[in-house]
1. For each pair in Lys281/Lys345; Lys281/Lys342; Lys21/Lys454, compute the distance between the two Cα atoms and list the pairs where it is over 18 Å.
2. Taking R0 as 41 Å, what FRET efficiency do you get between Cys194 and Glu250 from their Cβ-Cβ distance, rounded to the nearest 0.05?
3. Could you tell me what % of all Cα pairs in the chain have separations over 28 Å?
4. Give, in nm to one decimal, the length gained when the segment between Thr19 and Asp277 is fully stretched (0.36 nm per residue of separation minus the Cα-Cα distance).
5. Set the Förster radius R0 to 25 Å, insert the Cβ-Cβ distance between His322 and Asp368 as r into 1/(1 + (r/R0)^6), and round the FRET efficiency to 0.05.
6. Compute the separation of the alpha-carbon centres of segment 246-296 and segment 91-117 and state it in Å as a whole number.
7. Given the alpha-carbon gyration tensor of segment 292-363, what are the semi-axes of its equivalent ellipsoid in whole angstrom, ordered largest first, with each equal to the square root of 5 times an eigenvalue?
8. Can you give the local net charge around Arg315? Use residues other than it whose beta-carbon is closer than 10 angstrom to its beta-carbon, Lys and Arg +1, Asp and Glu -1.
Amino acid sequence: MIPLKRRKVSLPVNQQNDTCKFPHVSIFILERKMGASRRAFLTRLGRSKGFLIEEIYSSSITHVVSENNSGDEVQAWLGNQTGQDTSSSVHLLDIRWFTESMDAGQPVIIQDRHILKVKPKPDGDHTAMLLKSYACQRRTPLKHHNSFLTEALEILAQNAEYNDNEGRSVAFRRAASVLKALPRRVRSMEDLRCLPCLGDHSQRVIKEILEDGSSREVESTRQSEQYQAMKALTGIFGVGVRTADRWFREGLRSPDDLIRTGQQLNRAQQAGVQYYDDLQKPVTMAEADVISDIVEKAVHSVLPGAEIQLMGGFRRGKEVGHDVDFLITHPEEGKEEGLMPKITKWLEEQGLLLYQKTTRNSYLEKTDGPARASSNMDRFERCFSIFKLQKPAVSRESNCTVSAEDAGSEASGWRAVRVDLVVSPCSQFAFATLGWTGSKLFERELRRWAGQEKHMSLSSHALYDSTQNLYLRAKTEEEIFSYLGLEFIPPSERNA
Ligand code: UTP
Ligand code: MN
């Protein structure tokens with residue numbers, strides 16, 4: 001468990017309470033190679049501009065600034081001060097970040113050129129693989145080197161979810177996520193020596209796979225009747241774990257069983273069963289592009305000037321997805337109100353919707369407050385829908401040669417695709433963008449980092465700083481990372 005890090009409430013000598021404008025950025029200026037007088041000058045300058053600058057290095061420091069030192073030199077100095085590896089909790093920055101921030105009158109976004117590079121420590125013959133412990137501190141590419149391990153761990157995570165054991169599920173997902181971020185394939189347990197988030201259970205599974213090629217627990221889970229039935233039942237649009245579990249206990253195993261036994265289904269579940277085969281098929285990037293064009297046309301027809309952004313897995317560079325997610329806003333605050341019913345009406349008139357359910361925007365900063373904001377359920381105006389997507393002519397022609405089992409919906413010339421539309425006021429757009437890009441684990445880790453390490457509360461609507469009791473406004477994702485004291489991670493590297 002990472003200890004809760006609380007920002008110091010009392011300010012150091014010479015630091016006037018009312019002059020400190022950015023308490024979430026706690027700066028330590030390294031005297032080494034700079035000299036005491038220049039350091040004192042920079043400290044006075046910074047404080048006069050409202051920056052929090054500490055005289056003494058402590059665990060509350062978020063930004064270490066130095067001049068003419070290499071990253072390794074600063075790291076070594078910090079190691080001597082604290083006796084531990086501080087690399088995961090502090091930004092090591094060149095003086096340029098500080099001077100640019102002075103010029104800007106506020107902490108500027110940390111860019112690559114500001115960051116002092118630290119060489120991974122060589123360890124005997126091979127370099128140990130080191131990683132920071134929160135997924136939002138790491139870069140996780142889409143394609144990685146350890147899917148033979150991560151797929152196994154994710155089966156156990158999924159199974160834990162089916163058994164309503166969230167803690168266990170998250171533990172397996174975190175372990176898998178660490179392996180996704182590694183620069184090379186794991187060959188022995190020795191490679192895992194310095195890695196975070198690998199609990200005993202995950203390590204046992206990994207060890208067995210490395211030694212025997214597979215894990216008995218994973219294979220028996222994969223084959224189990226419960227796992228397979230829960231996978232089939234929760235795979236139905238509109239069906240969650242609770243409902244699937246109830247059906248499983250009643251002896252139902254598949255969508256066909258639901259039809260055969262005449263189960264009571266709500267409107268979403270009816271559509272889920274009706275379009276089951278289509279919705280099981282991955283949506284391709286090419287299909288997502290066609291849907292983007294349709295959504296753009298719909299939105300611009302009802303609100304010219306509105307902006308549409310492709311979100312979710314496709315924004316992270318995935319080539320296929322289970323649905324297509326869009327975020328819609330308008331540069332003029334308030335113009336977006338009541339937009340969704342107009343969009344769905346347009347789409348319905350064109351015969352493009354097989355199903356839709358719109359929920360209204362219920363977020364109110366004044367009444368929702370920061371406590372609610374930490375929950376991952378957001379309250380935007382949102383439309384869960386199933387689109388009727390015409391297939392390109394070329395694929396319809398080649399239809400005659402596809403196998404008979406595909407014939408059903410293939411022959412019809414269209415397919416069903418899940419589409420999520422979300423409307424955000426432009427003041428919340430950056431938070432909504434960050435929240436709807438994913439991955440789910442990356443989002444979860446961002447919120448955990450904010451709460452545990454920064455005493456802040458992050459949602460898809462806002463970022464609230466509990467230390468200062470105020471909302472931190474942002475126009476870009478970069479600013480949000482900066483408030484959180486995190487290096488910016490681009491969407492393509494949020495595949496945690
Ligand atoms: P998805 O479930 O669509 O996942 O949620 P994905 O990453 O696009 O992967 P696919 O679709 O399976 O290929 C996309 C993002 O939207 C957020 C999730 O946290 C995720 O990051 N989201 C989803 C919400 O914030 N709220 C929701 O109710 C649903
Ligand atoms: Mn998605």
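1. Result: Lys281/Lys345; Lys281/Lys342 exceed 18 Å.
2. Result of the calculation: an efficiency of 0.30.
3. Cα-Cα pairs of the chain separated by over 28 Å account for 62 percent.
4. Length gained between Thr19 and Asp277: 86.7 nm.
5. Here the calculated transfer efficiency is 0.30.
6. Taking the Cα centre of each part, segment 246-296 and segment 91-117 sit 50 Å apart.
7. Sorted largest first and rounded, they come to 20, 16, 13 Å.
8. Here the charged neighbours net out to +2.
Computed from the coordinates by the stated procedures, all read-outs in this text should not be read as laboratory data. Please read these numbers as outputs of a predicted model, since none were measured by experiment. Here Cβ is always computed from backbone atoms with ideal geometry, including for glycine, and neighbour counts include all displayed protein chains.
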